[in-house]
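Comments concern the structure below.
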Amino acid sequence: MEKEKILIVDDEIAHAEFAAAILKNEGYELFFSDNGKKTLKLLEKNVYDLLLLDIQMPGLSGMEVCREIRNKHISTPVIFLTGKTGTQIIAECFLIGAQDYLVKPFAAEELLARVKSQLKLKQFSDNLQGIVDERTKELKDTIETLKIEIARRIEAESLLVSKNNALQEILNYLEDEKKKANDKILKNIETLIIAPLNNLKKNIEQNCARDKLLDCVNYLTENLEKIKNPGYDSIADIKTNLSHQEYEICRLINDGLRNKEIADKLNLSEETVKWHRKKICKKLNISDTGQSLAEYLNKIMNLA
């Protein structure tokens, strides 16, 4: 075990040697100073477990030394050695940061009792400070760990919110597409079923011939097949978006006719046919797909 270090400060050598003789037998490591300035330098460079400090010294007094080391946050315990017993000076000793005092002349037993008491208190304080430092470090480490975990959870929550938003956008898109599909179905039913049924009803009321009624029934059957066909909506869109002449051009393109043949058939110039083709591509939103108009029409009309 490392010896406890005691610094004895007294300008009178006899008093210092008397205290040293008592403490040496207890196994303490002793150091000496005979003035205030030297004491301050020693305390700045070295660590001691206890300071026995004479009050009355030339130059810096013991009280001035004590006040200075406390201002510098040096926490070495101080026992003042004094020949005065007045209440005022003793109170001042404690106010400036001393832990205890001894009145000269003092007995060996009294010196040992005071020294041992202060060293035990210092050991207890050091142990307590060690525990505090250790717990403080553990607390800081725990706080850092919590910060990392909180940041990770915030990031995960942000990612989850982002994914939820993306999912909601997809659901909204699907809902819109569903509504559009339903609207198209209703439109097809109105166009392909309701109107022919009304026509059929009219023919029945007018007692039309059997063949005419059969034609109406066949027409309804064909329309029902078209409603079931996924390509019909695309054809309906084509009819809706294009003019009659543009639709005729599409039909002829799908039949395999070239621009010149289409121009001759519709009594148009070839340049006019080319212009219509560009306009049709733009209306059908296939300009940037890399797919030709003929390929698109072949795919759609073959479905119908």
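Taking a quarter of the surface of the convex hull around the Cα atoms of region 5-106, what do you get in nm²? Show your work: numbers first, answer last.
Working: hull surface 23.6 nm².
Computed as one quarter of the Cα hull surface, the answer is 5.9 nm².
Pairs over the 32 Å Cα-Cα cut-off, from the set K202/K282; K180/K278; K179/K274; K179/K260; K3/K104; K41/K104: K202/K282; K179/K274; K179/K260. Structure note, pairs K5/K38; K5/K45; K24/K72; K45/K72; K5/K120: Cα-Cα distances above 22 angstrom occur for K24/K72.
Here, each number is a calculation from the coordinates, and none is a lab measurement. A quick note: this is a predicted structure, and the numbers were derived from the prediction, not measured.
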